[in-house]
Amino acid sequence: MEINLEESFQKKIDDEIRIEPRDWMPEKYRKTLLRQISQHAHSEIVGMLPEANWITRAPNLRRKVALLAKVQDEAGHGLYLYSAAETLGMTRDELLEELHSGKAKYSSIFNYPTLSWADMGAIGWLVDGAAIMNQVPLCRVSYGPYARAMVRVCKEESFHQRQGYEIMLTLSNGSEEQKAMAQDALNRWWWPSVMMFGPNDDNSPNSAQSMKWKIKRFSNDDLRQKFIDVSVAQAEILGLTIPDNNLKWNEARGHYDFSTIDWIEFNEVIAGNGPCNKQRLKAIVSAWQNGEWVRDAAVAYAEKQAKKTDNKTIAA
Amino acid sequence: MQDSDIRFQYVLHLADNSMILGQRNAEWCSHGPVLEQDIAITNITLDLIGEARSLYAYAAELKGENATEDTIAFTRDVKQYKNALLLEQPNTDWAYTVVRQFFYDAFHFQLLNVLQKRKDERIAEIAHKSLKEVTYHLKWSSEWLIRLGDGTDISREKMQIAINDLWEYTGEFFIPTEIETKAFELGIAADVEKLKPLWLEKVKAIIEQATLTIPSKNFQQNGGKNGLHSEHLGFILAEMQFMQRAYPGVEW
Ligand SMILES: [Fe+2]
Ligand SMILES: [Fe+2]
């Protein structure tokens, strides 16, 4: 029986029929998705912090409002994704517990500090830009709730990307100090953004199965290449220099060549040794702990109200 | 004082109120007690700063001399800010934040309700638009006041402490400054003394429903609306104005 279930499951996927929460699915499919969606949700939430860091210091009111709205969007993305993850059998509180304990991962990029206003531009342009490259294919992921969440997310991400690029454009058309600020931000965010696509394909053990299940549609290296190719042209318009001496158009490949990635740094950041790993987790955990009495009170109040309504119904 | 200066100063006062509370609330973004409320408080923040921007833009027009919403918001010092003291008080915790919001919402609601019918069309128009938003803010903060007051023992205690601490900053709203009085005479402002009973009625009702009490002590702080602030405002402005001060005169 098991084999038939697996076969018909795979056939559905091959036929591009979405898998829904009530459908049978292999345990490993469920687990893989749950890990991926929850990591994605956690990334949205932790990703709020580096940008929230500049809300109170935004250089003008228009930018302040746009940044607030952007960070708020990320909270919304977290919500959609936690809801999608919940359909696979874990509650949001359980998922958060894994984030707080350090068991669950989130995107390493958010373990870098935001040191100047230009970082708001660089993050929007590069980090949201890389996220879009990763996420647009996920709008067609085989699992229905995830795919639908991603459609909503992607619309907003492309808006964030344009907004970030526009910040960079303003800076690079501005004073010498502003241009330097923009270049410095690009220097710091470039490599971490390139690493957002994950390990090289020959080092990505689960990729084949994920491709077969259509949880993944393009390889890490293909997406990374696409991101680099697009970004080079965008940096040129900005008049900024991408910090890679080996960046060169390769006529034969039809792509840009670039330097070998420093995976040692990448692995250190994943291992918890990035510049802000501890601060990010601490901020998330303390917000959660400080909010505990609020959540408890909301539950207690709701229970009291429910009892009152019950009593009324009985009396009536 | 000329009429145009009274109008300008009055608009600034209205704008500063919402700007400073918006700036304070913005500190919550990404640190809220639960995602849904992180989003909710940020919505309120966006509305408040949105209202402040419309008012600053109007103030900039009244001022002329190439003033913009940003030159007005980012280049005035503490003494020139005319917000009420309540709004610059620190977030402290969710209880203080909800209570501060509620006290202001209940006032803001009554104020805008009057302003939308007064003679300055721009102020009336902004008030009309903001009133819709503030109606929601008041609903949100009233509900949270009740929920946390009538929640657990811990939450009740925290809410009562916040009320006791912030109560002394509520009276200032209803003591008119010279600008408010003159603006009222011009037909563009509210008579804030008259708003007090309306405010008190709402505040009493919600606090009672929340099983909390209004403090018996009656001393009230005063001064923010005249530019005499608490120590907090200097730090708020230092943070808020940092970029404009460090890199003056450029586009962002
Ligand atoms: Fe997002
Ligand atoms: Fe985004």
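Nothing in this text is a laboratory measurement; each read-out follows from the coordinates by a stated rule. Computed from a prediction, not measured in an experiment: that's the story for all the values here. We place every Cβ from the backbone using ideal geometry, glycine too, and count neighbours over all the protein chains shown.
What about residue A:166, is it farther than 13 Å from residue A:126 by Cα, out of contact with any strand residue (DSSP E or B) (no Cβ under 6 Å at 6 or more places or on another chain) and surrounded by fewer than 19 Cβ atoms within 10 Å (Cβ to Cβ)? No; evaluated as a whole, the condition is false for this residue. Taken over the stretch A:17-41, residues that are surrounded by fewer than 22 Cβ atoms within 10 Å (Cβ to Cβ), aliphatic (A, V, I, L, M) and over 22 Å from residue A:94 (Cα atoms) amount to 1. The test for being surrounded by fewer than 21 Cβ atoms within 10 Å (Cβ to Cβ), within 16 Å of ligand 2 (Cβ to nearest atom), under 15 Å from the mean Cα position of the chain (by Cα) and more than 14 Å from chain B (Cβ to nearest Cβ) holds for residue A:151. How many residues are more than 29 Å from residue A:119 (Cβ to Cβ) and of a type in the set (Lys, Arg) if we restrict to the stretch A:190-237? The total comes to 4. Name every residue in the stretch A:69-96 that is within 14 Å of chain B (Cβ to nearest Cβ), away from ligand 2 (no atom under 13 Å from the Cβ) and free of Cβ contacts under 8 Å to residues at least 24 places away in the same chain, in order of residue number. Listed by number, the residues that qualify are A:79, A:86, A:91, A:92, A:93. The single condition from (1) in contact with a Ser or Thr (Cβ under 9 Å, 6 or more places away or on another chain); (2) closer than 22 Å to residue A:132 by Cα that residue A:224 fails is (1). Taking the numbered list (1) more than 14 Å from chain B (Cβ to nearest Cβ); (2) of a type in the set (Asp, Glu); (3) under 23 Å from residue A:157 (Cβ atoms) in turn, residue A:51 passes all entries but (1). Among the residues of the stretch B:116-130, those identified as touching a Ser or Thr at 6+ places or on another chain (Cβ under 9 Å) and buried (at least 23 other Cβ atoms within 10 Å of the Cβ) are B:126, B:130.
Each residue in the stretch B:40-68 was checked for being of a type outside the set (Val, Ile, Thr), under 23 Å from residue B:251 (Cβ atoms) and within 10 Å of chain A (Cβ to nearest Cβ), and 6 of them qualify.
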